[in-house]
Structure formats: C-alpha cells, structure tokens
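**Student:** Sharing a structure with you now.
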Amino acid sequence: MRKYFDMNPLRLFFGGIALMAAVSSSAQDALEYRAEALGNGSTGDFAPYFIGSLNGGKIVRKGSALLDVGAKVSIDRSKRFSWGAGAEFVTGYSTANRYDRWDASTKSWGFSQNRPAAVWIQQLYGEIKYRGLTLMVGQKAPKSALLDESLSSGDLTRSSNARGIPGVSIGFIDFQNIPLTNGWVQINGTIEYGRYTDDGFRRGQYNYYNWMLATDIYSTYKYCYFRTKPSMPFSVTVGMQSAGQFGGYTAWYRQGVNTKNENRGFHIKDIWKMFFPTTGNGNNFVEGNSLGSWDFMARYRFRSGAELSFGFQWPWEDGSGIGRRNGWDGLWGLYYKTPGRAAITGAAIEYLDFRNQSGPIHWAPGDFPGTDLTGEATGGDNYYNNDTYTAYTNYGMAIATPFLVSPIYNLNGYPAFQHNCARGIHMAVTGCIGAEIDYAVKYSWQQAWGIGRKPQPICSIDNSMLFDVAWNGARLLPGLKINAKLAFDAGRLRGNNFGAMLGVSYTGEVSFKKNKK
C-alpha cells in the first residue's frame, strides 16, 4: 500500500515542541490552545461534498478518526510592534483510495492505494507586525480575502479548501487609510511566495498514462483591494487576486509512454518574472501559470447592525480573461448577516457559471509566428488546469473554489479538473437555537459538461446538502464544543452517497500577563 508522508513524524513532533516552548516563554499575554477529536464515515468513496470541503483538507476520505491539536499566540493589533506564532498538527487514521495506475512494463492497468500520512503539519508559522505591515514565515491556514466562507461556496482564487503552502508573505495586516483621503479610501494587500510539499501525493495519485506529472513546484499569491470608508452605512470593496505556479519538473505521458520531460528548476529571477509576468519561453507565453479573479463587494449596514451585501468574482486564466471576455463566468452572490444571536444570523445565495471559458477550437496567431492565418478564435482558458503545471491544487484539493470537483476525487488517476465547464447555485442559512446551539444548512445544485477540449455530451448533475449542528458545552465544561454534521450527494457528478461527521473539541488559554498590584 502506498502512503505519502509530509515529513518525518519525529521531526514534526519535536519541531512542534520547540515552537510551543518558544511561545510559552514569551512576553505576550496569552497562549491559546485547542484539541479536537474528529470522526467521519460515508457510504461513498469519499466524504460528501459539504463535509470534505472548506476544512483545510483535513477530512476528505470515506472514513477518518483524527486528533487535531494546536496552539497559537496572536498578534496584538493595538501595539505598534507585535508578533505571533502558531502550530497545528493532525494525526490519526483515514481510509485509502484506489487510483488506476498504468504499468508500462506489463502494458496493463493496475492500481495504487493512497491514504493521508499518519501525522502531518496543518499549520506551523511565525509572524511579526510593525504598524500596519506584517511578515509571515511558515505554513498558515489560507482563507478568502473577500468572502465569508461559513456562508459562501468558496473563493474563486484562494479559499480554505486546501492545506496551506509553506512560504513567506508580506503585506498589510488589514485595510489601511490612504494618505490625503481622510479615511474615505483604504488599501489592503499581500504578496506571498512558497513551495508545494505535495509531490508524494501527486506521484501516488497519477495514472502514468495520459497528460502529465508536475513536481517541485513553487507558488505565488498576491491581492490588492481598495475599500471606501467602512464606518459609513454603504461601503464598496474592489480589487484583484492573482495566483501563480512556476519552476519545477514536468513529465508528459501519452498512452503510457513518457514523451517529454522539462526541468525548469528554480531561479531567483523567477520571483521577479512572476511578480510582473514576462515572456518565458520565446513563444509569446509568459513565465509560469497565472490565474486569478476580479473581485467586488458592496455592503449596506442597517441601523440594527444587520448587513446586506452583493458581490461578484470574475475568474481569469493566463491573462486572457482579464479583459472580461468570458461572458457571465464567475460567482455572483447576495449575502445577509446580523450581529448577536438570532434564529437567522446569516444567509447567502450564489450563482456560479464557468461555461464561457473554453471551446473545442483555440487559435491565437501570436502562438505561431509567421502564420498567414491572422484571424483569432480564442477561448481555451481551461480554468484551474494548465498544460505545464497540471491543476491548481494542493494535495489534490482545489486551492480555489471546491464547487468544481477536485482532482483528488478522480479515481482514474487523472491529475486535473475533469468538470470545470459547469454552472450551479449555492444557498446557505446559519443561525442559533437558544443560548447554546448553532446550526447551518447548505444546499448546492450543479450541472457539468466536462471541459471545453473534451466536452461531455450529456451533462452530469449534482445535488448536495448539509445539516450542521454545534453545541457549546461551556455550562458543563468551559471550552467544550460538540459538532455534528449530516450530508449527502445525489447525482452522476459526485455520485450518490451519505455521510456523517462528529467532532469534540476543547479550547483553552494560558495567560502570561502579570497581575498588577
């Protein structure tokens, strides 16, 4: 049975102990710690969509019994200079999945079995703040820069769906006032570079028959948002996110034969080339793989404190969608949130469309210098797939929206998104029952037609639903929380399966602040 390990478990253990020792001896006010026991089971090959998504890739498999432990010291935003650090490790057992595997020596199909490591790093990072700037080094859980993913289906560029990528980032800690605007215009943003650590998963899941295997890949991510004065009843946020992949090694396969290899490695100049994309190979292609989204959110706050928001994200791939040439493709959402505890604390409805990105014909004269065919028939964006870096994923999970079926679910061993030509609706409601119970109900409907280059003549449909209940047991034991989820998928796209998850967590705090006499 093939297993992939992120790092040696002993190195993980002693590294975490060292970080905790450093944190606990600090002059910061408090160390927050958390431990959670998680278990899930499903009738399908994987956990249902709403259990397996937007959880940092922790629970994806059909069955799991996990222990999630972590601790952190948070940055004190009230101080001019402050620092923070955190560590989170997951250990336990998850079921394995069988992926099709081509054996070139026997010219026959077999399979490989893949399961998560016995121990892995979920987070391990340190960060410092000076005034409004922050520097982070390590692996920190990603989240959407625009959307509330407790309600949303997920960000189109970077969501909380996949595990974080180790790296270095620098940016603003929050929105900062732009000088001379009297607070009416604010700016926020970050720049990040990192390196993927999922080579073992990629080798274990790949079928070695068609398309490619890409390893040793580096990543980049950046965003820049502008926001009008948030204290006003009406406020608007607008900007762009951009992510990228570069460097690494790629081996291409066709019908089980290795037809081409390319070792790009890593060069310091690649960092600059990915910051301002420039020509990389002399054929009018820019360096690396770039993708992202144009983002917009308008919010109105009522006197009661409740907020109603409308927003959208327009995806682009390799620059050709930046000029808004892909029709109505994107995420369009309406959101409601209210402060405090109420029967309904939040609601969302989103429409998602990815059908205008691609087609069976793609002709760009710039790709063929000297051609007499000057007409243009473009439309091969192929969202989240790339002909050099395969898919925009980490450990098989979409780094962006989980709405499109991630490659980890491809039991045929194909390493890419197979259904990115899709559309659908996502709805969610959250609320409270009494003083101790929180709930969430989510529903998703989707139609998918494969990808533009290989369209599927009959669309695949999916219906997914989630019932989520959490009980705050502070009355019994401060810091205790029990969370139960029931979810199902129905249709050809994700299959028919039913699953449940149970989590029991305890959260506490150790204070280092000296009492004043």
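The values are calculated or read from the model by the stated rules, or taken from the named source; none is laboratory data. Given the structure is predicted, the values throughout are model-derived calculations rather than measurements. As a convention, Cβ positions derive from the backbone with ideal geometry for all residues, glycine included, and neighbour counts pool all protein chains shown. What goes into the accessible areas is simple: the full protein's heavy atoms, side chains included, and nothing from ligands, DNA or RNA. Shrake-Rupley method; radii C 1.70, N 1.55, O 1.52, S 1.80 Å.
**Student:** Residue separation times 0.36 nm, minus the C-alpha to C-alpha distance between SER150 and GLN176: what's the value?
**Tutor:** Full extension of this stretch gives 6.8 nm more.
**Student:** What's the long-distance tail for the chain, i.e. % of Cα pairs beyond 44 Å?
**Tutor:** 14
**Student:** May I ask you to give the percent of accessible area on the stretch 393-517 that is carbon plus sulfur, with a probe radius of 1.4 Å?
**Tutor:** Answer for the stretch 393-517: carbon and sulfur cover 64 percent of the accessible area.
**Student:** How would you order 218-224, 475-481, 321-327 from highest to lowest mean count of nearby Cβ atoms within 10 Å?
**Tutor:** Going by the mean number of other Cβ atoms within 10 Å, highest first, we get 218-224, 321-327, 475-481.
**Student:** For TYR443 and ALA484 in one chain, what is 0.36 nm times their gap in residues minus the Cα-Cα distance, to one decimal in nm?
**Tutor:** Gain on extension, TYR443 to ALA484, equals 13.1 nm.
**Student:** So which aspartates and glutamates can LYS62 reach, going by Cα to Cα under 15 Å and dropping same-chain residues fewer than 8 places off?
**Tutor:** Filter leaves ASP45, ASP489.
**Student:** Spelling out what I want: for every residue of the stretch 495-507, take phi, set θ = phi - 60°, compute 6.51 cos²θ - 1.76 cosθ + 1.60 (Karplus), and round to whole Hz; glycine and proline get x.
**Tutor:** x, 9, 8, 10, x, 9, 9, 10, x, 10, 10, 9, 10
**Student:** Within the stretch 115-244, what whole-number % of the accessible surface is contributed by carbon and sulfur, with the 1.4 Å probe and all protein chains included in the calculation?
**Tutor:** 64
**Student:** Hey, if you put +1 on the Cβ of every Lys and Arg and -1 on every Asp and Glu Cβ in the chain, which of ASN410, GLY110, LEU135 ends up farthest toward the positive end of that dipole?
**Tutor:** Toward the positive end, the furthest listed residue is LEU135.
**Student:** Turning to a different aspect of this structure: Please give the length that would be gained between TRP471 and ASP367 if that part of the chain were fully extended, namely 0.36 nm times their separation in residues minus their C-alpha to C-alpha distance (nm, one decimal).
**Tutor:** Working it through step by step, the gained length comes to 31.6 nm.
**Student:** Another question, if that's okay. Can you give me the distance in nm between label points at ARG98 and LEU411, each placed 7 Å from the Cα along the Cα-to-Cβ direction?
**Tutor:** Result: 0.8 nm between the two label points.
**Student:** As I understand it, the value is the acute angle between the Cα axis of helix 9-24 and the longest principal axis of the Cα atoms of the chain; what does it come to in degrees, rounded to 10?
**Tutor:** Orientation of helix 9-24: about 40 degrees from the principal axis.
**Student:** Restricting to Cα pairs below 8 Å that are 6+ residues apart, what does the relative contact order work out to for the stretch 367-450? Please round to a whole percent.
**Tutor:** Once normalised by length, the contact order is 20 percent.
**Student:** How big is the antiparallel share of DSSP beta bridges in the chain, given as a percent to the nearest 5?
**Tutor:** Antiparallel: roughly 100 percent of the beta bridges in the chain.
**Student:** Going down the list LYS72/LYS481; LYS454/LYS485; LYS58/LYS140; LYS129/LYS269; LYS58/LYS260; LYS143/LYS337, which pairs span over 25 Å between their C-alpha atoms?
**Tutor:** Distance filter (> 25 Å) returns LYS454/LYS485; LYS129/LYS269; LYS58/LYS260.
**Student:** Size of the dipole of the chain about the Cα centre, Lys and Arg at +1 and Asp and Glu at -1 on the beta carbon, nothing else charged, in debye to 20?
**Tutor:** 1200
**Student:** For the stretch 72-173, what's the relative contact order in percent, using C-alpha pairs closer than 8 Å and at least 6 residues apart?
**Tutor:** 24
**Student:** Taking only DSSP H segments of four or more residues, each worth -39500 (n - 2.57), what value at 222 nm results for the chain once the sum is divided by all its residues, to the nearest 500 deg cm²/dmol?
**Tutor:** Helices in the chain give a 222 nm mean residue ellipticity of -2000 deg cm²/dmol.
**Student:** Another question about this same structure. Per residue, how much accessible surface does the chain expose to a 1.4 Å probe? Answer in Å², no decimals.
**Tutor:** I get 47 Å² per residue for the chain.
**Student:** Hey, got the dipole for the stretch 63-114? About the Cα centre, +1 on K and R Cβ, -1 on D and E Cβ, debye to the nearest 20?
**Tutor:** Once rounded to the nearest 20, the dipole reads 260 debye.
**Student:** Residue farthest toward the positive end of the dipole of the chain, with Cβ of Lys/Arg at +1 and Asp/Glu at -1: which of ALA87, GLN313, MET232?
**Tutor:** The one lying farthest along the dipole's positive direction is ALA87.
**Student:** With a 10 Å radius around each residue's Cβ, average the other Cβ atoms per peptide and rank 102-113, 35-46, highest first.
**Tutor:** Top to bottom by mean Cβ count within 10 Å: 35-46, 102-113.
**Student:** Can I ask one more? In percent, what relative contact order does the chain have, based on Cα pairs under 8 Å that are 6 or more apart in sequence?
**Tutor:** 15
**Student:** If we sort 117-128, 388-399 on the protection proxy, mean other Cβ atoms within 10 Å, highest first, what's the order?
**Tutor:** Packing proxy ranking, top to bottom: 388-399, 117-128.
**Student:** Would you work out which of PRO455, LEU502, PHE512 lies farthest towards the positive end of the dipole of the stretch 446-517? Charges go on Cβ: Lys and Arg +1, Asp and Glu -1.
**Tutor:** Of the listed residues, the answer is PHE512.
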